[in-house]
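First the structure, in the form of structure tokens, and then the observations on it.
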Amino acid sequence: MSIQLSRRGFLASAAVSALAVGMAGVKARSAFAAETAGLDAMAQAELVARGETTSLELVNAAIDRIEAVNPKVNAVVTETFDRARELAASGKLPESPLSGVPYLIKDLDDVKGVRTTHGSRLMAETIAEENSAMTTYADEAGLVVLGKTNTPEFGLLGTTESLLLGPCHNPWGLDHSTGGSSGGAAAAVASGMLPVAHATDGGGSIRIPASCCGVFGLKPSRGRMDLGGHAMPGDIGVQNSVSRSVRDSAMVFSLSEDRRDKAVFKPVGYVSEPVNRKLKVGFGTADYFGKEPDPEVKAALEDVAKLCADLGHEIVEVKNPLNGEEFIDRFLTIWASGPANLVAMAKAKGLDPNEVLEPWTVGLAEFYAAKPEGALNETVAYFKQVEAQMDQFMSGFDVWLTPVLSSPPPKLGQQAPTVPFDTLFERTVQYVAYTPVHNVAGTPAMSVPLSWSKAGLPIGSQFAARKGQEGLLYALALQLEQARPWADKHAPVFAG
């Protein structure tokens, strides 16, 4: 009996076959996305270099992971998936150790043609006309930008909960803060969306979210990166990345550090070997107010100090030399000068600052307005004194070990920008009492994910060194990573 297939039957059969092939493709792509979730950026780039995969496949895998977990985390707030796919498939990526690897830019920096909100209703519809310096470095490194990451309004808080973009949820506990201001970047990396992401730091904004999200983050020395002339008041802001592996951060750093003849520091290059000498480690857990952190943080840092001793390093007890009350008042004078300008900008546009800026931002502007004339210049002079004081203090040891934060990640809402100003002021000042000193002193500092609380929340350890000593910090981080690996320790919300 001959079988005659009608056109309708043929189309139905073809559709079933195509669906089967399509489903197989979806499953294969989904499996690849899961398989690569745990790979760091260097490993992903090596797959491309060996011809075992393509940049487009890496990009599609990262997009799949973002679409799978971002609804829970809210780390990625602007997507540029189509242009990322087009770039990845173009064959025009520059040769680089990270060529073809997916990347995300924090929503404080510009990507040409893409909105830059700064986490604020005031800037919600702003489209960037040019790339920022760090976006340009990412392009030159062959990294493929998939979008922008969540940030608090103008990076002004140590938590990522802006009224415009919504709260970013910690993959280790969705009702907990990711820290800030690079909270979206750290959450994206911690949840396995991608292995490394751009981050910035004006008062702890790389180290704080790295600590909260159990990833690695290093704040470079002042002047290490060429930021294209866009300096924060007091020249306290720097940029780098957050990552799961130390080597990823070290590579991004090496590809974006200032290598011009007039660079402030001689380039470090790519640090690939652990430290091989005995270091003198200054250690103390009290902040510049003389206050001890949460008992779990104190115990974690004492354990890390013991780890360093077991690795052969010398531990010496030191005390933070700063007057915390004077320091924080001066620091917040600089910090609040930006919000004062933002309030003036809103008024110049005929807008009510209370409608387009958050209560915390407006409160900082009022804090600044209450300062006497000349306070900003006096603060800049004070910063130079602190820099000299810290240079002298840190000349007595190789690295300085302290907590990153005074507590494990708090619950979302506890430090939200809508908390009454005086309450939020006190909470913030106490919470971040270990990080701003390095922005003022210009010293490099890193958060290393070596500890977790009883509730399973990350607790970072801050190691700092003298200016220009990023190479030493990366080498120490590589040693710590070998001694107490964290790469296979995944958050409960993880795309793999």
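Any read-out appearing in this document is the output of simple, stated calculations on the displayed coordinates, not a laboratory observation. Note that the coordinates shown come from a computational prediction; the quantities given were computed from them, not determined experimentally. Using ideal geometry, Cβ is built from the backbone for each residue, glycine included, and neighbour counts are taken over all protein chains shown.
Observations on the structure shown:
- Relative to the compact-globule estimate of 2.2 N^0.38 Å, the Cα radius of gyration of segment 27-483 comes out at 0.92.
- Placing +1 on the Cβ of every Lys and Arg and -1 on the Cβ of every Asp and Glu, with nothing else charged, gives the chain a dipole about its Cα centre of roughly 960 debye.
- In percent, rounded to a whole number, the relative contact order of segment 27-483 is 16, using alpha-carbon pairs under 8 Å and six or more apart.
- Gained length - ASP175 relative to GLU373, 0.36 nm times residue gap less alpha-carbon distance: 67.0 nm
- P(r), alpha carbons of segment 207-351 - 10 Å bins starting at zero, rounded %: 9, 23, 36, 25, 6, 2, 0
- Reach of LYS467 by Cα under 19 Å, taken over lysines that are not fewer than 8 positions away in the same chain: LYS219, LYS262, LYS266, LYS280, LYS384
- At R0 = 30 Å, FRET efficiency that the Cβ-Cβ distance of ALA43 and ASP294 yields, to 0.05: 0.25
- Cα centroid of segment 59-136 to Cα centroid of segment 26-54, whole Å: 19
- FRET E, pair ASN323, LYS262, Förster distance 41 Å, beta-carbon r, rounded to 0.05: 0.70
- Proxy reagent accessibility, fewest Cβ within 10 Å first, across GLU426, GLU373, GLU153: GLU373, GLU426, GLU153
- Between segment 239-286 and segment 427-472, the C-alpha centres lie 14 angstrom from each other.
- Cβ-Cβ FRET estimate between ALA381 and ALA31, R0 fixed at 60 Å, reported to 0.05: 0.50
- The 3J(HN,Hα) values that the Karplus relation (6.51, -1.76, 1.60; θ = phi - 60°) gives for segment 304-319 are, in residue order, 5, 4, 5, 4, 4, 5, 5, 7, x, 8, 8, 9, 10, 6, 9, 10 Hz. Gly and Pro appear as x.
- Summing Lys and Arg as +1 and Asp and Glu as -1 over all other residues whose Cβ lies under 14 Å from the Cβ of VAL429 gives a net charge of -3.
- Under DSSP loop assignment and at most 15 Cβ neighbours within 10 Å, longest trypsin sites (Lys or Arg not before Pro)-free interval of the chain: 113-258
- Selection from LEU473, PHE494, PHE393 lying farthest towards where the dipole of the chain points positive, charges on Cβ: PHE494
- Computed extension gain for ILE127 through LYS278, at 0.36 nm per residue and net of the alpha carbon distance, reaches 49.3 nm.
- Percent antiparallel among DSSP beta bridges (both partners in segment 27-483, rounded to 5): 75
- Percent antiparallel among DSSP beta bridges (both partners in segment 68-218, rounded to 5): 65
- Restricting segment 61-111 to GluC sites (Glu not before Pro) in coil, as DSSP defines it, with at most 12 other Cβ within 10 Å: GLU95
- For segment 264-323, the residue among PRO295, VAL318, VAL275 whose Cα projects farthest onto the positive side of the dipole built from Cβ charges is VAL275.
- √(5λ) per eigenvalue of the Cα gyration tensor, segment 17-126, largest first, Å: 27, 19, 13
- For the chain, the 222 nm mean residue ellipticity estimated from helices alone, with every DSSP H stretch of n ≥ 4 adding -39500 (n - 2.57) and the total spread over all residues, rounds to -13500 deg cm²/dmol.
- Dipole of the chain, positive end: most advanced residue of ALA455, ALA381, VAL419 [Cβ charges, Cα centre]: ALA455
- Computed from phi, the 3J(HN,Hα) profile of segment 160-176 under the Karplus parametrisation 6.51, -1.76, 1.60 (θ = phi - 60°) reads 10, 8, 6, 5, 6, 8, x, x, 8, 9, 6, x, 7, x, 5, 9, 10 Hz, with x in place of Gly and Pro.
- Hydrodynamic radius by Kirkwood, which averages 1/r over all alpha carbon pairs of segment 386-466, in angstrom: 14.2
- J(HN,Hα) series, segment 386-397, from Karplus relation 6.51 cos²θ - 1.76 cosθ + 1.60, nearest Hz, glycine and proline x: 5, 4, 5, 4, 6, 4, 5, 4, 7, 6, x, 7
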